[in-house]
Amino acid sequence: MNPRELVETALRVLTAWTNGRKPASADLNTLKEAFPSSAHLPDDDLACQVIHDLSGRALGKPAQVETTPSVMVEVA
C-alpha cells in the first residue's frame with residue numbers, strides 16, 4: 001500500500017473514532033501491519049502517528065517544521 005492510501009486509511013479510522021464508531025478491523029490491521037512499532041498505540045493515536053509519519057511523503061513533499069521562534073509585538 002502506498003503512503004497516500006495509508007494516510008486515507010488512517011483518516012477513515014479517525015473519522016470513525018470521532019463519530020463514536022469502532023474503526024473497521026481491516027483498516028486497523030492495515031495500519032498495524034504497516035507500522036508494527038506503533039501497533040501498541042490506541043486506535044486514534046495509531047492513526048495520528050501514521051498521518052504524521054507519512055503526510056509529507058503522501059503529498060509528495062517533505063513535512064515542514066517551524067523552527068523560528070514566534071515574535072511578540074507590543075501594541076501601544
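Results, tabulated for the structure shown:
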{"quantity": "Segment S55-K32, length gained on full extension (0.36 nm per residue, minus Cα span)", "calculated": "6.6 nm"}
{"quantity": "At 0.692 mPa s and 37 °C, Stokes diffusion of the stretch 3-58 via Kirkwood alpha-carbon radius, µm² per second", "calculated": "305"}
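Taken together, the values in this text are just the output of simple stated rules run on the coordinates, not laboratory data. Just so we're clear, the structure is a prediction, and the values are computed from it rather than from any experiment.
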